[in-house]
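Enquirer: Before we start, here is the structure in question, set down as structure tokens.
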Amino acid sequence: MSDAGQSWGRYSRAQQSVIAISDRHSLLPPAKGSMLPYGNGRSYGDSCLNDGGTLLHARSLDRFIRFDASTGLLECEAGVLFSEILDLVVPQGWFLPVTPGTKFVTVGGAIANDVHGKNHHRAGTFGRHVTELELLRSDGSRMVCSADLHPDWFAATVGGLGLTGLITRARVQLRKIAGPWMSCEVHRFEDLAGFFRLSEQSDRDYEYTVAWVDCVSKGKGLGRGLFTRANHAPAHPDARPPSPGRRPNVPLTPPFSLINPLSLRVFNTLYYHRQRKEVSRATTHYEPHFYPLDGIGSWNRIYGPHGFMQYQCVVPPREAQACTEALLDAIAASGEGSFLAVLKQFGDVRSPGLLSFPRPGTTLALDFPNRGHSTLSLLNRLDEIVAAAGGAVYPAKDARMSADSFKRYFPDWEFFSHYIDPGFSSSFWRRVTE
């Protein structure tokens, strides 16, 4: 089947063939050109695309193999969604050890991008909790990999962007919870210094910390925002989860982006002032806490026909406040802006993958409507600031970084390339290495 594919950001596009993979015991099928595993397509840039080649659509590898409810060890196929895992394990008192901001990602995609969450300072990346995976190569060979068995292949595959072969199954160690509820606090802070102060105060006692930051404000209000910290709550036997109900959906793509300088200014001002108290406390279900955007179907359409670009970077601790201030200054001055601006701290828990993105420091993630040259110019300027600080940009969310930038951010790229399956490639990899 031929596919004019696009990623979740709806900016990167590719002409590629698609082959559905449904049997993990079978060999890989003959393919047109190079191959690339594809899960649920939630990568923002072109790391999930293979222009001129073939996608191995692995979403049908969706079977649970075994789950030990006494230990929390789960084994499943690589196409299982995080949402499906949560439906199975939360009623039995378990939760994902690490989760990104959407539950509609596959296990294989989470490993290939070594995803992170709001608890990186405690738990590190998802790959740290994968105890075993099976890798199927284009030559028909299979390898069972872990931190102890073929550890070099394990390190290459975790965060390896799907390039080392097809992950067919994995074992993941879950974390114990009392129930589906979260004890949350939201603190309003007036400037960037407030974010760093709250982070320092919160990391010891709170498993999950994250902030929304107003990237439109300038001057004394630069970097103001709302800081959320949370822990899993004790059991609430009388509490009821939200009704499943029909979630709202963006039914079509508007002819222009609904995110513009005026709507951004209005939204950010209202969102910052929505909390009148300095601190609010609540017990909430895990879904709105971890996955607020999953409540709106096809929300990526609001950016219009030209899509959007997500930009996520990390800068080291010694440069964090000054560099984050420089980034926000550049964004505010550009007039581009983002209403999804997330700021948080990465801890010093080492990521297991050769190309894993998280490292100690401060990470900022933003969505920019694609306005062509002006947006690309801003992102290039942000790259300069990040590179000068010794930071990095996240490949899973990138659609335009230069080859020089990638090689500077990920100095192990050449060593990693020895583990790439000769039959595999991606639009992203060719863009940043050729």
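Enquirer: ASP139 - would you say it is modelled with pLDDT of 95 or more, at positive phi and either acidic (Asp, Glu) or crowded, with 20+ Cβ neighbours inside 10 Å (or both)?
Expert: no
Enquirer: Show the residue pairs that are 6+ apart or on different chains and have beta-carbon atoms under 6 Å apart, the first residue being within the range 188-203 and in contact (Cβ under 8 Å) with a residue 24 or more places away in the chain, the second being crowded, with 16+ Cβ neighbours inside 10 Å and part of a loop (DSSP other than H, G, I, E, B).
Expert: Listed by first residue and then by second, the contacts come to GLU190/ARG224; ASP191/GLY223; ASP191/ARG224; LEU192/GLY223.
Enquirer: Here's another thing I want to ask about it. Could you list, in sequence order, the residues of the range 142-173 that are open to solvent by less than 10 Å² (accessible area, probe 1.4 Å) and of a type in the set (A, V, I, L, M)?
Expert: If the condition is that a residue be open to solvent by less than 10 Å² (accessible area, probe 1.4 Å) and of a type in the set (A, V, I, L, M), then ALA156, VAL158, LEU163, LEU166, ALA170, VAL172 are the ones that fit.
Enquirer: Of the residues in the range 32-43, how many are among the polar types (S, T, N, Q) and either under 16 Å from GLY165 (Cβ atoms) or open to solvent by 30 Å² or more (accessible area, probe 1.4 Å) (or both)?
Expert: If we filter the range 32-43 for residues that are among the polar types (S, T, N, Q), which is where we start, we get 34, 40, 43.
Going one step further and asking which of them are either under 16 Å from GLY165 (Cβ atoms) or open to solvent by 30 Å² or more (accessible area, probe 1.4 Å) (or both), we end up with 34, 40.
Residues flagged as among the polar types (S, T, N, Q) and either under 16 Å from GLY165 (Cβ atoms) or open to solvent by 30 Å² or more (accessible area, probe 1.4 Å) (or both) within the range 32-43 amount to 2.
Enquirer: Among the candidates ASP51, ASP3, ASP46, single out the residue that is open to solvent by 30 Å² or more (accessible area, probe 1.4 Å), modelled with pLDDT of 95 or more and not aliphatic (A, V, I, L, M).
Expert: The unique qualifying residue is ASP51.
Enquirer: If you don't mind, there's one more thing I want to ask. Keeping to the range 398-416, report how many residues are open to solvent by less than 40 Å² (accessible area, probe 1.4 Å) and under 25 Å from GLY165 (Cβ atoms).
Expert: Total satisfying the criteria: 8.
Enquirer: So, of the residues in the range 300-359 that are of a type in the set (A, V, I, L, M) and part of a strand (DSSP E or B), which turns out to be surrounded by the fewest Cβ atoms within 10 Å (Cβ to Cβ)?
Expert: VAL342
Enquirer: In addition: Out of all the residues in the range 204-227, which are buried (at least 18 other Cβ atoms within 10 Å of the Cβ) and free of Cβ contacts under 8 Å to residues at least 60 places away in the same chain?
Expert: Scanning the range 204-227 gives TYR206, ARG224, LEU226, PHE227.
Enquirer: Looking at SER257, SER217, which is the one that is in contact with a strand residue (DSSP E or B) (Cβ under 6 Å, 6 or more places away or on another chain), of a type outside the set (Phe, Trp, Tyr) and part of a loop (DSSP other than H, G, I, E, B)?
Expert: Details: SER217 fails: in contact with a strand residue (DSSP E or B) (Cβ under 6 Å, 6 or more places away or on another chain).
Matching residue, one of SER257, SER217: SER257.
Enquirer: Looking at GLU190, GLU200, GLU132 in this structure, which one is open to solvent by 20 Å² or more (accessible area, probe 1.4 Å), of a type in the set (Asp, Glu) and under 28 Å from GLU84 (Cα atoms)?
Expert: GLU132
Enquirer: What is the residue count in the range 56-84 for residues that are open to solvent by less than 10 Å² (accessible area, probe 1.4 Å) and in contact with an Asp or Glu (Cβ under 7 Å, 6 or more places away or on another chain)?
Expert: Adding up the residues that qualify gives 4.
Enquirer: Next question, about the same structure. Give me a count of the residues in the range 288-299 that are in contact with a Lys or Arg (Cβ under 8 Å, 6 or more places away or on another chain) and open to solvent by 60 Å² or more (accessible area, probe 1.4 Å).
Expert: 1
Enquirer: Please state which one of LEU327, LEU376, LEU364, LEU340 is modelled with pLDDT of 95 or more and under 20 Å from TYR11 (Cα atoms). Steps first, please.
Expert: Numbers: LEU327 fails: under 20 Å from TYR11 (Cα atoms); LEU364 fails: under 20 Å from TYR11 (Cα atoms); LEU340 fails: modelled with pLDDT of 95 or more.
Selected residue: LEU376, the only one of LEU327, LEU376, LEU364, LEU340 that is modelled with pLDDT of 95 or more and under 20 Å from TYR11 (Cα atoms).
Enquirer: Moving on. Can you find even one residue in the range 149-166 that is in contact with an Asp or Glu (Cβ under 8 Å, 6 or more places away or on another chain), at pLDDT 95 or above and more than 24 Å from PHE410 (Cβ to Cβ)?
Expert: yes
Enquirer: Looking at the range 363-397, which of the residues that are of a type in the set (Asp, Glu) and open to solvent by less than 20 Å² (accessible area, probe 1.4 Å) is nearest to SER43 (Cα to Cα)?
Expert: Residues of the range 363-397 that are of a type in the set (Asp, Glu), as a first pass: 367, 383-384.
Still in the list and also open to solvent by less than 20 Å² (accessible area, probe 1.4 Å): 367, 383.
Details: ASP367: 13, ASP383: 20 Å.
In this case the residue turns out to be ASP367.
Enquirer: Quick one: in the range 100-125, of everything that is among the polar types (S, T, N, Q) and open to solvent by 10 Å² or more (accessible area, probe 1.4 Å), which residue is nearest to ARG350 (Cα to Cα)?
Expert: ASN113
The values are calculated or read from the model by the stated rules, or taken from the named source; none is laboratory data. These figures come from a predicted structure and were not determined experimentally. Glycine also receives a Cβ, built like all others from the backbone with ideal geometry; neighbour counts cover every protein chain displayed. Areas reflect the complete protein model, heavy atoms only, side chains present, ligands, DNA and RNA absent. Shrake-Rupley method; radii C 1.70, N 1.55, O 1.52, S 1.80 Å.
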